[in-house]
Structure formats: C-alpha cells, structure tokens
1. Based solely on its DSSP helices, what 222 nm [θ] is calculated for the chain when runs of n ≥ 4 H residues each add -39,500 (n - 2.57) and the sum is averaged over all residues, nearest 500 deg cm²/dmol?
2. Quick check: convex hull over the Cα atoms of region 1-144, volume per residue in Å³, rounded to an integer?
3. Most exposed first by the Cβ proxy, i.e. fewest other Cβ within 10 Å, how do T131, T187 rank?
4. Let a ≥ b ≥ c be the square roots of the eigenvalues of the Cα gyration tensor of region 153-235; is it rounded (a/c under 1.5), or, if not, prolate (a/b larger than b/c) or oblate?
5. Could you state the number of Å between the C-alpha centres of region 162-201 and region 47-115?
6. Semi-axes of the equivalent ellipsoid for the chain, please: Cα gyration tensor eigenvalues, times 5, square-rooted, ordered largest first, whole Å.
Amino acid sequence: MAEIFQERATNRLIRCLPDEAFRLVAPYLRHVDLPTGTPLVEANKPIEHVYFIESGLASMVTSSADGNSLEVGNIGYEGISGYPVLLGIDRTPNRTFMQVAGSGLKLSVSRFLSLQDNPEAHLLFLRYIHTRELQLAYSALAAARYHVHQRLARWLLMCHDRLIVDDMPLTHDFLALMLGVRRAGVTVQLHILEGMRAIKSTRGNVHIVDRRILLEVAGASYGVPEAEYERLIGSELASRERPPKLSGAGWSR
C-alpha cells in the first residue's frame, strides 16, 4: 500500500525517498487541500508541520519592519515548505503561503525529522536545501544585474515549471511582490513581454505563448538552479523511473 501511494504522489521529493524511509512516514502523511492564502510557515512562529507540495504554488516572502515585502522563492511539486527545521531551526522571520491554490501532503515536524536517521533521505534533503540557496542567490543576482522585464521573464519561467500549465492564475499584486516593484509598473513589463509574443496577459491570468522567448529574455538569470536540481535530485528519480526531460532548463511537462 505504501509503495503504491508513493508511486501515485506528484511531489518529486516524496518520489525520491528510499522505500524504507517512505514507509516510516507514510502512515502519518495527510493529503490536504491548500487554498490560496493558506499559511504554510508563519513568520517567527514555531514550524509544526511541513508540506510536500503536490500542486499549486507557494511563495516564500521576507518582510522588513517598515512594511516592505519581497518574494524570495517559490515552491511547487518539486519541493517542501518548512525546510529550515532541517538546519535545527524551529522558526524563521520569513513566511510561506499558498499563492496559487493546490494540494499537498502534510507531515508533523517530529515525524519529518525522523527521516534524518536514513542516510539517503538525509542527503536528499541536504541537496534540496542547496538548490534553495541557489534559487535565492540567482534572485539576488537578477535583482542587481538584470532589467525588470528580464526578471519578470525569469519568475514566469519558475512559475511555469511548478504549475505545469500554460495558463497561470497570477495576479498583478503577486507579480509586483515577485519583482519588488509597484503594481502599476507590472502592467508596463507585461506589455513588453506581450509585444514580444511571449505571453498573453488578462485579468488574473498569464498565458505562456512561447516559452522559448521567455528563455531568451531571461538569459543567464534563469537555469542554473533548475539544472542543479535536475543533476542532484533528478538523478535520484532516474534510478526509479524515467526522469522528466529538461525543457529549457526547467522540468518538462
């Protein structure tokens, strides 16, 4: 039963777990719906559960004391929320919440940390943390060295990787949070990408028309963290099943 459940899971980390490790936590995994706005990690509060995202999109947001906020990462079916507990930390100033509704597998932190007794599982999650650090590093690089429309192209590619659909329910408010710009500025940047025939933007939705154009626009700001994830974690899947082929550095559909 446990093996069948694992094979049916969408989350790539769950699918990578060694059978022994998965059987250890399988009885305690609970499938939950995750509507838009659902908090996964509250700022400065103990992390009591982790969520293996099965569908949808979660945003990791950092906020300053004067009220400024910025998305510093996103999580889809490739990842897990609450991973700072792997570093011996019970809380974080950052918050994580569902930006696009989906579902996930909920697990208590105590059960999750029991996986660290399995060397293969421990290594898997350390590798995942490494890819998260790279995502943050490239976000900083993009913010410092790339134009806003290039940064927008990068974030859209990252969302596209995780939502696995060409029609993405992304609001202007979310896009403004991603880029750290005013909402009015988002419209201008979307028009630039529309003029390039990369996307079609309507109210509350961005349709990917041509991913290849987004890749050209984003340039070197996108791709390294995604390729590193495939090298380190995709290789784990390769021993169990046919791994997804890269589609412009991201995960193929």
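1. Helices in the chain give a 222 nm mean residue ellipticity of -12000 deg cm²/dmol.
2. 103 Å³
3. Details: T131 21, T187 13.
Fewest-to-most Cβ neighbours within 10 Å comes out as T187, T131.
4. Taking the square roots of the gyration eigenvalues as a ≥ b ≥ c, region 153-235 is prolate.
5. Each part reduced to its Cα centre gives a spacing of 23 Å.
6. Rounded to whole Å, the semi-axes are 30, 20, 16.
FYI, it's all coordinate maths here, none of it is from the lab. Just so you know, these numbers come straight off a predicted model, no measurement behind them. Cβ coordinates were reconstructed from backbone atoms using ideal geometry, including for glycine residues, and neighbour counts include every protein chain displayed.
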